[in-house]
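Since the structure comes first, as structure tokens, the remarks are kept for the end.
The values are calculated or read from the model by the stated rules, or taken from the named source; none is laboratory data. Source: prediction; values computed, not measured. In this analysis, Cβ positions are derived from the backbone assuming ideal geometry, glycine residues included, and neighbour counts consider all displayed protein chains. Areas reflect the complete protein model, heavy atoms only, side chains present, ligands, DNA and RNA absent. Shrake-Rupley method; radii C 1.70, N 1.55, O 1.52, S 1.80 Å.
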Amino acid sequence: MRIVLGDLRHNTVGRHSTYMPIAIGYIGSYVQSQPETRDAVITFHADADEMAAVIKRDQPDVVGLSNYVWNAELSAAVGRYCKEHSKNTIVVGGGPEFPKDVHEILDYLNYRSELDFFIHNYEGEIPFFGLLKVIQQNPDLEQIKLAPPPGVASLGPDGAVHQGLDPQRLKNLDAIPSPVLSGMMDKFLDGSFMPFLETTRGCPYACTYCVQGSDWYNKTATFSKERIDAELEYIAERIYQFADIPLALADSNFGMYPKDEDTAERISQLYSRYGWPKAFIVDTGKSQLQRLLRVAKKMGNRISMSISPQSMNLETLQAISRTNLGGSEPESVYSEFKKAGISTHAAIIVPLPNETKTSYIEGLRRLGASDVGQPLAYTTMLLKGTALASKETRTKYGMKSKYRMLPSQFGEYFGKRVFEFDEVCIATNSMTFEEYVECRSVVFAFLVLSNKQFDMFKLHCEEYQVSWFDFLLKFWNQARIEQSAVGKVFSEYETLTRNELFESPHAIRAYVESDVNYQQMLEGELGENIVRKLTPELIFTHFRAMCMLGYSVLEGMFPDRNDELREASKWSLVLRDIVEVLDGSSIDTRQLTLHYDLDDWYANRARKSLRSLRGEVNYSVTADLVGIQKAVDSMKRLYGERRQRWASRLLEAKPVEEMWFTRQSLM
């Protein structure tokens, strides 16, 4: 049996999803471990054109296509290509992008007519193998569609939906031979993908917005310590030369379980030997604070802990069945991590049920006053199959939705334009659309000013014992009324927030078919993630204007501190402005003379007042040009050449305080 598996990514303008396609690796490896399919010849693909060429050449028996919100349409295009050029091939879809309501399943399978079967389950190894076994035993495809095996859905010849029973869960994940150790994933360990592993599968929580919030998936299973250790070693031996590429883990609650401490210890050992990994992408646990602290410390405090409340409003958390670390007071958790020198990030979503404009802004204020390192903000996605996207929930909370293109997820394939889209909530019975737009605008300012590039503003507020969020609101209001470069960016943000929305996928199709619009998409003017598109403009291109506006606001709030604030502004303009470094036009060393020791003040996180550090200081500031270039090269390999696609991620790989070396002499 010949099988072709694809977890496809658009790469027209840089790859949006850069994770190694480990899921199809697990499925293929499991299939080859079973006696009935041991001789199956399986190939793995992330590129659509490559996969299509293999399908046309080899005429495989089965094609399997992953379906996530970011690649479902591309998978559909390859599936249709398969039906045109390899007519006897059975096409199987699988993944979380699939509804649960039977009427919605009927509509979806009619739309995805290229699919013969869909693995309607989050764990695909057993159902996919079961389907292959049935196909081997019974060549009558139409008969199988009338009675599919467990975990499989199909549209029968009678025009009705037929679904198999719920499949068994894999209790021992080591039953899946490692696709890493077998070499199956070697072609994805070339520096163009992030290494991606799963150590634990399942999630005990029931968040209504998440595809893993189902009862079927709430028990956890793990791979063995020996297996994980061997996989990490295998990857490190091949990827260490790309030291700035992060390690990604697919776990939903990493750090929450005892075995995670062993994994953290192993990662620490690898870093000591290889200098990799320097950074991580992983969702961390929602309980077991002390264990999470130990895990982070073992990983050299290089991991940013994902302590995401999603909302700070108790009524909203109850409505979405969300359980948070720290309960109703996640601020205490952020403080514990900060005391231990561990960074954190926190995601919030808008609009969610029972959230109002007032409660959302107040939630931002609480986050701003907390010790969270980096906030993240998302629009509510109505993912297929989730409780939040159900008709009952939509009706109960008056949820109104529209559609938008997913950033960078488009291209021309087989003579047709293909684009990905998602459905998002833009209003509820507790938040109007105009309030949603205003909340998005405020949180944009919140995200930008929370960036390391601007952390000196928060330190000033801490020293002067005023609310940083009050400063932020003053900054935001001033930026919106100014006719400056900064003001234009904020105005553009609100315009794009409105203009990114469409009434239907058909409306997006009509938009994309316009050659003028498509050219603008290719040039990055349209179809981008708005935050990632505009944030680099503020933290890089318009950094000087942002810096001057911020200090102007502070000077207005504290007129008796203008002398020290102006000196701090000079320090910030030298040690935070990296545009010339990225352009290659910077000299290696800059000289700076100030009347306050800003380096000492910053290093002590404003625990020393600036006034107490008065005295002339000469600084010699040298850029780490080699380190910066290595980080830039890694980001380009992952996200493409255009700066706006990789610039906002650069500071995750190379923190701004690591970009400069300073030497000083007191006068």
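Past 31 Å, Cα to Cα: identify those pairs from LYS391/LYS636; LYS286/LYS452; LYS225/LYS533; LYS458/LYS654; LYS259/LYS458, in the order given.
Details: LYS391/LYS636 42 Å; LYS286/LYS452 25 Å; LYS225/LYS533 41 Å; LYS458/LYS654 21 Å; LYS259/LYS458 37 Å.
Distance filter (> 31 Å) returns LYS391/LYS636; LYS225/LYS533; LYS259/LYS458.
Can you give me the C-alpha center-to-center distance between the stretch 320-350 and the stretch 412-476, rounded to a whole angstrom?
18 Å
How much length would be gained if the chain were fully extended between GLN168 and LYS396, taking 0.36 nm per residue of separation minus their Cα-Cα distance, in nm to one decimal?
Working: separation 228, 0.36 × 228 = 82.08 nm, distance 3.34 nm.
Contour length minus the Cα-Cα distance gives 78.7 nm.
Sort the following peptides by mean Cβ neighbour count (other Cβ atoms within 10 Å, averaged over residues), highest first: 328-335, 249-256, 9-16. If you can, show how the numbers build up before the last one.
Working: 328-335: 17.5, 249-256: 23.1, 9-16: 20.8.
Listed from highest to lowest mean packing, they are 249-256, 9-16, 328-335.
Using Cα pairs under 8 angstrom and six or more residues apart, how large is the relative contact order of the stretch 1-76, in percent?
Numbers: 103 pairs, mean separation 40.0, N = 76.
Computed value for the stretch 1-76: 53 percent relative contact order.
Would you please give the residues with an amide H less than 5 Å from that of MET20, counting only those at least 5 places away or on a separate chain, with H modeled from the backbone geometry?
MET194, PHE196
Give the carbon-plus-sulfur fraction of the accessible surface of the stretch 176-300 in %, rounded to a whole number; probe 1.4 Å, heavy atoms of protein chains only. Let's see the in-between values first.
Values: 2220 of 4530 Å².
Using a 1.4 Å probe with all protein chains present, the stretch 176-300 comes out at 49 percent carbon and sulfur.
Tell me the label-point distance for the pair ASN110, SER328, using the 7 Å Cα-to-Cβ offset, in nm and rounded to one decimal.
Result: 4.7 nm between the two label points.
Could you report the stretch 62-174's accessible area per residue, 1.4 Å probe, as an integer in Å²? It would help to have the intermediate numbers written out before the result.
Values: 4620 Å² over 113 residues.
Heavy-atom accessible area per residue stands at 41 Å².
At R0 = 60 Å, how high is the FRET efficiency between ASN618 and GLU261 if r is their beta carbon distance? Nearest 0.05 is fine.
The pair ASN618/GLU261 has a calculated efficiency of 0.80.
Keeping the other protein chains in place, figure out the carbon and sulfur percent of the accessible area of the stretch 319-440, with a 1.4 Å probe.
Numbers: 2420 of 4730 Å².
Using a 1.4 Å probe with all protein chains present, the stretch 319-440 comes out at 51 percent carbon and sulfur.
Shape verdict for the stretch 460-614, please, from the Cα gyration tensor: rounded (a/c under 1.5), prolate (a/b greater than b/c) or oblate.
Numbers: a/c = 3.32, a/b = 1.97, b/c = 1.69.
Here the stretch 460-614 falls in the prolate category.
Could you sort ARG614, ARG302, ARG509 by their accessible area in this structure, using a 1.4 Å probe and putting the largest first? Let's see the in-between values first.
Numbers: ARG614 150, ARG302 60, ARG509 85 Å².
Output order, biggest surface exposure first: ARG614, ARG509, ARG302.
In terms of Cα to Cα distance under 14 Å, which aspartates and glutamates are near enough to LYS171, apart from those fewer than 8 places away along the same chain?
Correct list for LYS171: GLU123, GLU125.
What percent does the relative contact order of the stretch 1-145 come to when contacts are Cα pairs within less than 8 Å and at least six residues apart?
On the way: 218 pairs, mean separation 35.8, N = 145.
That works out to 25 percent.
Whose amide H sits under 5 Å from the amide H of ASP422, counting only residues 5 or more places off or on another chain, with H placed in the peptide plane?
Those lying under 5 Å, H to H, from ASP422 are ARG404, LEU406.
Take every DSSP beta bridge whose two residues both sit in the chain, then give the antiparallel share in percent to the nearest 5.
Values: 34 of 67 bridges.
Restricted to the chain, the bridges split so that about 50 percent are antiparallel.
Tell me, what ³J(HN,Hα) does each residue in the stretch 45-59 have, in order and in whole Hz, if you take phi through Karplus 6.51 cos²θ - 1.76 cosθ + 1.60 with θ = phi - 60° and put x for Gly and Pro?
Taking θ as phi minus 60°, the curve returns 9, 10, 9, 5, 5, 4, 5, 4, 5, 5, 4, 5, 6, 9, 6 Hz for the stretch 45-59.
Please find the FRET efficiency linking ARG498 to GLN290, where r is the Cβ-Cβ separation and R0 is fixed at 35 Å, and quote it to the nearest 0.05. It would help to have the intermediate numbers written out before the result.
Numbers: r = 46 Å, r/R0 = 1.30.
It comes to 0.15.
May I have the pair-distance distribution P(r) for the chain, computed from all Cα-Cα distances with 20 Å bins from 0 and rounded to whole percent?
Pairs per bin, as whole percents: 17, 51, 27, 4, 0.
Extension gain GLN318-LYS100, at 0.36 nm per residue separation less the Cα-Cα distance, in nm?
On the way: separation 218, 0.36 × 218 = 78.48 nm, distance 2.26 nm.
Extra length available between GLN318 and LYS100 comes to 76.2 nm.
Could you give me the ³J(HN,Hα) list for the stretch 406-416, computed from phi with Karplus coefficients 6.51, -1.76, 1.60 and θ = phi - 60°, whole Hz, x at Gly and Pro?
The phi angles translate into 7, x, 6, 9, 7, x, 10, 9, 6, x, 10 Hz.
With a point put 7 Å past each Cα toward its Cβ, work out how far TYR511 is from ASN562 in nm, to one decimal.
Once both label points are built, they end up 4.7 nm from each other.
Taking H placed 1.01 Å from N in the peptide plane, check which residues at least 5 places from HIS120 or on another chain put their amide H under 5 Å from its amide H.
Residues meeting the criterion, in which the H sits 1.01 Å from N, are VAL152, ALA153.
Dipole size in debye (nearest 20) for the chain around its Cα centre, Lys and Arg Cβ +1, Asp and Glu Cβ -1?
Working: 76 positive and 88 negative charges, 148 e Å.
For this selection, approximately 720 debye.
Could you please state, rounded to a whole Å, how far the C-alpha centre of the stretch 200-278 is from the C-alpha centre of the stretch 48-87?
Spelled out, the Cα-based centre of one part sits 30 Å from the other.
Any idea what the relative contact order of the chain is, in percent, if you count C-alpha pairs under 8 Å spaced at least 6 apart? Walk me through the numbers on the way to the answer.
Working: 1208 pairs, mean separation 71.7, N = 667.
Reported as a whole number, the value is 11 percent.
Per residue, how much accessible surface does the stretch 371-482 expose to a 1.4 Å probe? Answer in Å², no decimals.
Values: 4150 Å² over 112 residues.
Roughly 37 Å² per residue, with all protein chains present.
In nm, what is the difference between 0.36 nm times the number of residues separating LEU146 and ASP47 and their Cα-Cα distance? Mind showing how you got there, number by number?
Values: separation 99, 0.36 × 99 = 35.64 nm, distance 3.28 nm.
Going from the current span to full extension adds 32.4 nm.
Please work out the FRET efficiency for the pair ALA175 and THR593, using the Cβ-Cβ distance as r and a Förster radius of 45 Å; give the result to the nearest 0.05. Working shown, then result.
Numbers: r = 67 Å, r/R0 = 1.48.
Once the sixth-power term is evaluated, E becomes 0.10.
How much accessible area does ARG561 have with a 1.4 Å probe, in Å² rounded to the nearest 10?
Accessible area of ARG561: about 50 Å².
Going by the alpha-carbon gyration tensor, a ≥ b ≥ c the square roots of its eigenvalues, is the stretch 409-517 rounded (a/c under 1.5) or, if a/c is not under 1.5, prolate (a/b greater than b/c) versus oblate? Intermediate results must be reported in sequence, preceding the final value.
Numbers: a/c = 2.68, a/b = 2.14, b/c = 1.26.
Prolate, because a/c is 1.5 or more and a/b exceeds b/c.
Could you tell me which of rounded, prolate or oblate describes the stretch 150-287, using a ≥ b ≥ c as the square roots of the eigenvalues of the alpha-carbon gyration tensor, with rounded for a/c under 1.5 and, failing that, prolate when a/b is larger than b/c and oblate otherwise?
Numbers: a/c = 2.25, a/b = 1.70, b/c = 1.33.
Note, shape of the stretch 150-287 comes out prolate.
Using θ = phi - 60° and the Karplus relation 6.51 cos²θ - 1.76 cosθ + 1.60, list the HN-Hα couplings for the stretch 240-257 in order, rounded to whole Hz, with x at every Gly or Pro.
Computed from phi, the couplings for the stretch 240-257 are 4, 5, 10, 5, 8, 7, x, 9, 10, 10, 7, 4, 8, 9, 4, x, 8, 10 Hz.
Taking the Cα-to-Cβ direction at GLU233 and at ALA603 and moving 7 Å from each Cα, how far apart do the two end points lie in nm?
4.0 nm
Please list PHE337, PHE196 from largest to smallest accessible area, probe radius 1.4 Å, with all protein chains kept in place.
Largest accessible area first, the residues go PHE196, PHE337.
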